[in-house]
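The values are calculated or read from the model by the stated rules, or taken from the named source; none is laboratory data. The structure presented is a predicted model; accordingly, all values stated were derived computationally and were not measured. We place every Cβ from the backbone using ideal geometry, glycine too, and count neighbours over all the protein chains shown. All accessible areas refer to the heavy atoms of the entire protein, side chains included, with ligands and DNA or RNA removed. Shrake-Rupley method; radii C 1.70, N 1.55, O 1.52, S 1.80 Å.
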Amino acid sequence: MTSHNAPDPAVGSAARPGSSELFSEERSADVVAASFAATPDPRLRQVLTSLVHHLHDFVKDVELTEREWAAAIEFLTATGQACTSTRQEFILLSDVLGASMLVETLNNRAGGGLTESTVEGPFHMVASPRRELGADIAEDGKGAPCLVTGSVAGPDGRPVPHATVDVWQANDDGFYDVQQPGVQPPLNLRGLFTADDGGRFWFRSIVPRHYPIPEDGPVGRLLDATSRHPNRPAHIHFEVSAPGYRTVTTHLFVAGTPFIDSDAVFGVKPSLVREFPTVDDPERAAAAGLPNPFRTVNFDVVLRPDVDTDIDTDGREA
């Protein structure tokens, strides 16, 4: 006679997963990854599955302690709390871990003379003001005056007329305008230019200065704990775009600047380093609207055509 109190084996096997499907140290990643099996978006499923496997491998590799896990949660929480409308601490964290540069490099593989990309950085937080070609973006009157010239072309060398050239940089003290509200004029050292019919652009600025990334938050404490310096070599940010071409976000680095070989965010690429020679010529200075002597630099940008847009032989969308 069967006891009424005995469990029904059929019901039990249907209601409970087999022991091999339960979480364990050995199978932790497989069990968690399996929970995403029904994710409708295949790319999301792929990313989450890989993330879980790498995360669990990391935890096992270092045998993460509960105290360390709690400290990591506190660090990430503090990183989020440090973000404001003019400061992005998570981008800064991504930058100092090299993740930003790796994503940029994977998604913008350059070749055939294409301008290489680099990190956008955490200070492209406000829209640059539209300015006429030749305008002076240095509104605080500080720093060594500099004439910046350049052009925008496709890989075949044909000019890209009316390309948009967005630039921003730190001031002579090594700070961006958003870091010094009330000290620097708003939108200082920022400009949004439209190249001419021949794809050429030019503007007046100052020679950029090297500077430290923000050190007063969680990322700064991380660098201090690992005996890493927080400095970036001197550079001007560029974001260049045009219909029918892929936007490139990049830097123009000053040759010989301190930290060119040890950028805190790993953003330096040899193809982006330029000399900023001194020009001692009163006539050229007067023509440029700059005091004599002044510094100058040229930066020619080569854009990659958008694979979804055909460009005709005149550089226009077909």
15 Å beta-carbon shell around Asp61, net charge (K/R +1, D/E -1): -4
How large is ³J(HN,Hα), in whole Hz, for each residue of region 279-294 in order, when computed from phi with the Karplus curve 6.51 cos²θ - 1.76 cosθ + 1.60 and θ = phi - 60°, using x for Gly and Pro? 10, 10, 8, x, 5, 5, 4, 5, 5, 8, x, 10, x, 9, x, 9
On the formula 1/(1 + (r/R0)^6), with r taken between the Cβ atoms of Thr86 and Glu63 and R0 of 45 Å, the FRET efficiency rounded to 0.05 is 0.70
Global geometry of region 205-263, whether rounded, prolate or oblate, following the gyration tensor of its Cα atoms and the 1.5 cut on a/c: prolate
Heavy-atom accessible area ranking, 1.4 Å probe, most first, across Arg232, Arg109, Arg221, Arg27: Arg109, Arg221, Arg27, Arg232
Protection proxy (average C-beta count within 10 Å per residue), highest first, orders 267-276, 240-249 as 240-249, 267-276
Rounded to the nearest 20 Debye, what is the dipole magnitude of the chain about its Cα centre when Lys and Arg each give +1 and Asp and Glu each give -1 at the C-beta? 160
Once phi is turned into ³J(HN,Hα) by the Karplus curve 6.51 cos²θ - 1.76 cosθ + 1.60 with θ = phi - 60°, what whole-Hz value does each residue of region 243-256 show in order, with x for glycine and proline? x, x, 10, 7, 5, 10, 10, 8, 10, 10, 8, 8, 4, x
Region 169-255, accessible surface, carbon-and-sulfur percent (1.4 angstrom probe): 50
So how do 43-49, 201-207 stack up, highest first, on mean other-Cβ count within 10 Å? 201-207, 43-49
Putting +1 on Lys and Arg Cβ atoms and -1 on Asp and Glu Cβ atoms, find which of Leu44, Gly141, Ser94 reaches farthest to the positive end of the dipole of the chain. Gly141
Could you pull out every residue, at least 5 positions away or on a different chain, whose amide H is within less than 5 Å of the one on Phe276? Hs are placed 1.01 Å off N in the peptide plane, and Pro or chain starts have none. Ala255
Residue-normalised value, i.e. accessible area per residue, for region 72-216 at 1.4 Å probe, in Å², stands at 44
Among [x] 0.93; [y] 1.14; [z] 0.97, the value of Rg/Rh (Cα atoms, Kirkwood Rh) computed for this structure carries the label [y]
Only Cα pairs under 8 Å and at least 6 apart count here; give the relative contact order of the chain as a rounded whole percent. 18
Nearest-20 debye value, region 89-164 charge dipole, Cβ charges on Lys, Arg, Asp, Glu: 240
Apply the Debye scattering formula to region 89-139, with a single equal point scatterer on each alpha-carbon and no solvent, then give log10 I(q)/I(0) at q = 0.19, 0.27, 0.30 Å⁻¹. -0.82, -0.96, -1.07
Cα centroid separation - region 138-172 against region 198-247, whole Å: 14
